[in-house]
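The values are calculated or read from the model by the stated rules, or taken from the named source; none is laboratory data. Only a predicted model underlies this, so the values are computations on that prediction, with no experimental measurement involved. FYI the Cβ positions are ideal-geometry reconstructions off the backbone, even for glycines, and counts take in every protein chain you see. Protein only, heavy atoms only, side chains kept; ligands, DNA and RNA dropped before computing areas. Shrake-Rupley method; radii C 1.70, N 1.55, O 1.52, S 1.80 Å.
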Amino acid sequence: MKKQTNNLRWKADLMSVSNDEVDADDRPKVTRKKVRDIFYQDIGITAQEKYLSKQDKTEVIRRIKVRWDKSITEKDSGIQINSIDYDITRIYTNVDSREMELSLSYVN
């Protein structure tokens, strides 16, 4: 029997988030540009994750598992899944298995 080694079967867009542009009233404008495709596995939200997000005044909507990538940060990166933009609120890294768990929340 064959063992499935790659469980990252869904595709999302890794977005670059920047505040470089300004609008007509000289207010900073957040822009999101697609960097590349990223494969992920959807994992559930635990009760501890919900509790910690309530303390931080953020609402965690989804958790995904991706390949370990040092360029993904909470501040400068975002995820787009099915044309819905998400912000990265927390990043857990597992260096031994070369995976990252990203906690996502809706863009305000």
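Looking only at region 69-91, residues that are closer than 19 Å to LEU8 by Cα, open to solvent by 90 Å² or more (accessible area, probe 1.4 Å) and touching a strand residue (DSSP E or B) at 6+ places or on another chain (Cβ under 6 Å) come to 0 in all. If the condition is being open to solvent by less than 70 Å² (accessible area, probe 1.4 Å) and in contact (Cβ under 8 Å) with a residue 40 or more places away in the chain, then region 46-68 contributes GLU49, SER53, THR58, VAL60, ILE61, ARG62, ARG63, ILE64, LYS65, VAL66.
Each residue in region 51-101 was checked for being of a type in the set (A, V, I, L, M) and assigned to a strand (DSSP E or B), and 8 pass. Would a scan of region 8-21 turn up a residue that is out of contact with any Asp or Glu (no Cβ under 6 Å at 6 or more places or on another chain), open to solvent by 40 Å² or more (accessible area, probe 1.4 Å), modelled with pLDDT of 90 or more and not β-branched (Val, Ile, Thr)? Yes, there is a match, as at least one residue in region 8-21 is out of contact with any Asp or Glu (no Cβ under 6 Å at 6 or more places or on another chain), open to solvent by 40 Å² or more (accessible area, probe 1.4 Å), modelled with pLDDT of 90 or more and not β-branched (Val, Ile, Thr). Restricting attention to region 22-45, which residues are without any contact (Cβ under 8 Å) to a residue 12 or more places away in the chain and either closer than 18 Å to ILE72 by Cβ or surrounded by 10 or more Cβ atoms within 10 Å (Cβ to Cβ) (or both)? Residues satisfying the conditions are VAL22, PRO28, LYS29.
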